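What follows is a set of notes on a single structure, which appears directly below.
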Amino acid sequence: MAKKIVTPAQYKNLINNYNQQVRKYNTEVKGNIDNYNREVKKAEQEINRGIQKYNTEVRRYNASQASRRTITASLGYFNSSRSFISINTSAEMRTTTSALATHYTDLDRFSQMNGLTDPLFTDLPAQETDNGLQLYNSLAGVNSGDYLNPGSLRLSLIEQILQPLSSELAQRWRGALFSLNPSNPDAARHFCTSVREVFIQIINLNAPDDRVKVMNPNCELHNGRPVRKERINYLLRRRDMLNGSLSNFIDADVANVLTLFDDLNTGTHGLSGRYDIQQLLKIKKRAEDSITFLLALI
């Protein structure tokens, strides 16, 4: 049989075809390897997300348990002061602080039963409740509470947070912070005079009369204007978070803060206005965190 002669051109084509087949094979192999690696990476990411989610839940659970222990301890001191007469606390302050703790218990129970993890239902209310209890205990002289760094008395990010909402409110907060000086015998009164207006305006600016009435034509009014609870419900409805337990807690929290402002502003209780540095720090923290809580509703 005659041997088939391959011309140089044919040989070159054969080599090219072979190389193309090799490249095609390598591309397919590489594609399969890449697909496998992507699936492995995807599986690893899903596993990592699961681990992160688990760790987050563990941290959140541990934090919530720690918060409950702290609140329980603060509540114990609060209850022990029932018969204690203080020149720096009023009966109304005690009543609103007690109501705050009661509504927090209701909200915490509701959140646990429904597996809620939103900070508006969990972390922030816990912080508000503990702040309220610790401040009352400190003013009443039954327990000084957590030690706060004195260097933080004049430090705050609230002004920067308020600026986009209202430059006037940001300026009021700056003035309030400036007055909060241990050498100022009226530090607490001057601070609360300014912050009270900031607090009220945050609610009114974001829940104006006309919009509250449009959303709920049957809302409760006082002197023709929606009451505070209706404004709170408006803010919650706007975020599709209206809930009785949360609404009641926020209303109780606001009532407690406003009672504090009113008490310290009037200066009618004994040595009102003369507070030590830790008490001033707790007054500031109570106001600061409450403003943060309100802004979280917007």
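All of the numbers you see were taken from the coordinates with simple rules; none came from a lab. Small disclaimer: the values here were computed from a predicted structure and weren't measured. Positions of Cβ are generated from backbone atoms using ideal geometry, with glycine treated the same way; all protein chains shown enter the neighbour counts.
Measure nothing but the geometry: give the 0 to 90° angle between the long axis through the Cα atoms of 187-206 and the longest principal axis through the Cα atoms of the chain, rounded to 10°.
Orientation of helix 187-206: about 50 degrees from the principal axis.
Could you work out how much longer the chain between residue 32 and residue 221 gets when fully extended? Use 0.36 nm per residue separation minus the Cα distance between them, nm to one decimal.
Numbers: separation 189, 0.36 × 189 = 68.04 nm, distance 6.94 nm.
The residue 32-residue 221 span can extend by a further 61.1 nm.
Quick check on the stretch 157-241: what does the Kirkwood estimate of hydrodynamic radius come out to from the alpha carbon pairs, in Å?
Details: mean 1/r = 0.0696 Å⁻¹.
Hydrodynamic radius (Kirkwood, Cα pairs) of the stretch 157-241 is 14.4 Å.
Can you compute the FRET efficiency between residue 295 and residue 46 using 1/(1 + (r/R0)^6), with r the Cβ-Cβ distance and R0 = 45 Å? Round to the nearest 0.05. Please report the intermediate quantities before stating the final value.
On the way: r = 35 Å, r/R0 = 0.79.
Once rounded, the FRET efficiency stands at 0.80.
Which of [x] 1, 5, 10, 13, 14, 13, 11, 9, 8, 6, 5, 3, 1, 0, 0; [y] 1, 5, 10, 14, 16, 17, 15, 10, 7, 4, 1, 0, 0; [z] 1, 5, 10, 12, 13, 13, 10, 7, 4, 3, 2, 2, 2, 2, 2, 2, 2, 2, 2, 1, 1, 1, 0, 0, 0, 0 is the computed P(r) over Cα pairs in 5 Å bins from 0, in percent for the structure on display?
Working out P(r) over Cα pairs in 5 Å bins from 0, in percent from the coordinates points to [z].
If you only keep lysine pairs separated by 8 or more in sequence, or across chains, how many in the chain come under 19 Å at the Cα atoms? Write out the running numbers ahead of the final one.
Values: 3/12; 4/12; 12/24; 30/41; 30/42; 41/53; 42/53; 213/229.
Within the chain, the lysine pair count is 8.
Show me the GluC sites (Glu not before Pro) within the stretch 168-236 that DSSP assigns to loop and that have at most 13 other Cβ atoms within 10 Å of their Cβ.
On the way: sites: 168, 197, 220, 230; in loops: 220.
Within the stretch 168-236, the qualifying GluC sites (Glu not before Pro) (loop, at most 13 other Cβ atoms within 10 Å) are 220.
Compute the relative contact order of the chain as a whole-number percentage, counting only Cα pairs closer than 8 Å that sit 6 or more residues apart in sequence.
On the way: 274 pairs, mean separation 70.7, N = 298.
That works out to 24 percent.
Identify which of 92, 39, 159 has the largest mean-square fluctuation in a Gaussian network model of the chain, with springs joining Cα atoms closer than 10 Å.
Sorting by GNM fluctuation, first place goes to 39.
Starting from 0.36 nm per residue, how many nanometres of slack lie between residue 168 and residue 9 once their C-alpha separation is accounted for?
On the way: separation 159, 0.36 × 159 = 57.24 nm, distance 8.65 nm.
Between residue 168 and residue 9, full extension yields 48.6 nm more.
With angles folded into 0 to 90 degrees, how steeply does helix 123-140 sit against the dominant principal axis of the chain? Use alpha carbons for both and round to 10.
Helix 123-140 and the main axis of the chain meet at about 30 degrees.
Taking the convex hull of the Cα atoms, report for the stretch 76-163 its projected area averaged over all directions, in nm². Present the calculation step by step, with values, prior to reporting the outcome.
Details: hull surface 30.6 nm².
Convex hull of Cα atoms, orientation-averaged projection: 7.7 nm².
Calculate how large, on average over all directions, the projected area of the Cα convex hull of the stretch 139-190 is; give the answer in nm² to one decimal. Can you show the working numbers first?
Numbers: hull surface 18.5 nm².
Value for the stretch 139-190: 4.6 nm².
Which of these, 120, 205, 100, has the largest mean-square fluctuation under a Gaussian network model of the chain (Cα springs below 10 Å)?
Evaluated over the chain, the most mobile residue of the options is 205.
Comparing 148, 124, 264, which has the greatest mean-square fluctuation in the GNM of the chain with Cα pairs linked when under 10 Å apart?
Between 148, 124, 264, it is 148 that shows the largest mean-square fluctuation.
Determine the gain in length on full extension of the stretch residue 161-residue 21; use 0.36 nm per residue of separation and subtract their C-alpha separation, reporting nm with one decimal. Don't skip to the end; give the middle numbers.
Values: separation 140, 0.36 × 140 = 50.40 nm, distance 6.43 nm.
That pair, residue 161 and residue 21, stretches by 44.0 nm at full extension.
How many nm is it between the label spots at residue 241 and residue 72, if each spot is 7 Å from the Cα in line with the beta carbon?
2.7 nm
Per the helix-only calculation at 222 nm, which mean residue ellipticity applies to the chain, given -39500 (n - 2.57) for every DSSP H run of n ≥ 4 and division by its residues, nearest 500 deg cm²/dmol?
-25000 deg cm²/dmol
Calculate, for residue 186 and residue 118, the FRET efficiency according to 1/(1 + (r/R0)^6) with r their C-beta to C-beta distance and R0 41 Å; round to the nearest 0.05.
Details: r = 39 Å, r/R0 = 0.96.
Efficiency at R0 = 41 Å is approximately 0.55.
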